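In what follows, a single structure is set out as structure tokens and then discussed.
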């Protein structure tokens, strides 16, 4: 079908649907007339509409061409048959020979066995599949791309009419049977640690679009232009009024979001949709649905975050078009709120009163999502990847959010509520006690000092050095600010950032780790490489070795930022000593360059390596002859040693960091470093757990780098132990043939009154 013919046919079809909606028929009669219009306009013998019911079931609600007796009788599970597959995938399907497709399922009561071809598209509203609209023909018909697009647009119109209750009573589509009132425990992924108890508030902006077909496309283009201008103004206000004290990366996140809002391609697609005869708001919704359907199965985290931001912006733009900006972002009065959402953008989170927002639960989400970064800056606990959270957590439910362990307790029993309330009170008292003792050094009862540094990745982390009395920053992850930007920062931008890090540290040592990108950490402005094992692929020092200019620019910025002060730099993921030598040569070249330019140099320089690849342990003596210091990265070292993906839920508890074999390896590393006169520190998750940290101190580690909130508990542990007793115990315990000494270590701590 020619484009102009398609356009005219589409306008005629929409006009006929509008006439039906203007009539006085009841919803079911309207639905019956609409399927007839679609069948006629698309030259099909059959048009059917299936809508989603409770229990993940699709029910035939209206048809022209199939047997009327099948209406409200024929049902298919999501994923069952061709209709179920369309609903499950959220994507259209067009088949000239439908009955020979492997997913075809015959429902004899419909009489559809005489129809050979089928074209169906999902009915999607606000990212959720509400049903499927399908046409069928007796002869084998090749449906064109134009015809598929017409049916998709019709489905978008149907979605808004269904969601608003104009075609189907909302009561018919609202699950009323089997609603859980019993307590639930849901699992997710911790995106920001913390504990919160509050009342569930569902983040579901319900925007009803009542005008679908435009009377004048010129007016609709002008309405869109005004709404976009208003939206940009409101985003500028957010940037202006939420910046103080939040840090540069926080600003980068929101400015990136603001740039997406000005995306020319996105706005052009909306304009093209208006040209087909839709109102501005219907065009925005159509493009949003298309984006969501297209990226439904995308696994790339950067692309997924882009989709989330565009969905958020679509909702904001609709609110400006309909004059309802801010109406869907109110929290109930007098309650501590736990927000529940499928996903959201950073500006949408800031629309809420964050002072009353105690936690955030997401059905999707990732650690590096823009909303997660902003939530961490606001110290709001976040749990992501909680399956079907919106359908399982009702508005008004009491919810306990355990951000430390990635658990959500819904409608908890009084016993559980009391237990968590007690835990929360104890936790708050402990935190107050830790803060009160922040100036007390981490010294054992027999006088041995243990240095406790923090891991950081954002400027908002740096005040924790003083807040928790840390000795410095043992690991500053330089890649985190890069991930919040839309383009690679130049040398001057990096210099300013690193200088601010040193200023915040107020004279305490900072160890800068050069870019550890690749694997699961992808920069928005870089093309992601498809790798079967990204954790062991092109990442960290390997990227820098292949793109030395990138590393040289970063080192140049660090040298300039640390002028006349102390600079410590370490290279990550070193697997061979020659890699370290190459990186150090680049560092020396940058020092020589800066000296030629007569720029002020750092007062002291120390260059080290992260030891996180087992192969480097076998070359440790050679490395110790070259490096000024070593930092053991236990997360990757354990992952590679046990060949156990640390991101796998199945493997999470298979191997213990307190296994004798791992502790023997760590003990050997610290012994050899001491013998060589090279300082050694340890960073990783185990350093932040008091029991694990106790084991590390017992085998010789005196310099730990850990999450900020773990400094207090680990300090209390160190101050409560006698090192001589612990060392003797660790030496004997490691001789066991058991897979872990954890139980023995807990008993030792209890017997010797060690705070864990």
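Quick notes on this structure:
- Filter result for the condition that a residue is touching a residue at least 24 places away in the same chain (Cβ under 8 Å) and over 37 Å from the mean Cα position of the chain (by Cα), over 611, 591, 641: 591
- Within the option set 700, 684, being under 21 Å from residue 629 (Cα atoms) and more than 34 Å from the chain's Cα centre (by Cα) holds for one residue only, 700.
- Entirely in the range 607-692, the helices (runs of 4 or more DSSP H) that have 1 or more residues that are within 28 Å of residue 470 (Cα to Cα) and in contact with a helix residue (DSSP H, G or I) (Cβ under 9 Å, 6 or more places away or on another chain): 620-624, 634-641, 660-676
- Among the residues of the range 353-387, those identified as modelled with pLDDT of 85 or more and in a loop (DSSP other than H, G, I, E, B) are 363, 380, 381, 385, 386.
- Among the conditions (1) touching a helix residue (DSSP H, G or I) at 6+ places or on another chain (Cβ under 9 Å); (2) within 17 Å of residue 150 (Cα to Cα), residue 86 misses just one, which is (1).
- Residues located in the range 119-151, provided they are part of a helix (DSSP H, G or I) and crowded, with 20+ Cβ neighbours inside 10 Å: 147, 150, 151
- Residue 721 being crowded, with 18+ Cβ neighbours inside 10 Å, in a loop (DSSP other than H, G, I, E, B) and in contact (Cβ under 8 Å) with a residue 40 or more places away in the chain: yes
- When 125, 43, 88, 29 are checked against the criterion of being outside the structural domain of residue 390 (by TED's automatic domain parsing) and at pLDDT 90 or above, a single residue qualifies: 43.
- Hits in the range 49-62 (condition: in a strand (DSSP E or B) and over 15 Å from residue 119 (Cβ atoms)): 51, 52, 53, 57, 58, 59, 60, 61, 62
- Identification of strands (runs of 3 or more DSSP E) wholly contained in the range 425-515 with 3 or more residues that are modelled with pLDDT of 90 or more, surrounded by fewer than 21 Cβ atoms within 10 Å (Cβ to Cβ) and in contact with a helix residue (DSSP H, G or I) (Cβ under 8 Å, 6 or more places away or on another chain) yields no element.
The values are calculated or read from the model by the stated rules, or taken from the named source; none is laboratory data. No experiment lies behind these values; they were computed from the predicted model shown. Methodologically, a virtual Cβ is constructed for each residue, glycine included, from the backbone with ideal geometry; neighbour enumeration extends over all protein chains shown.
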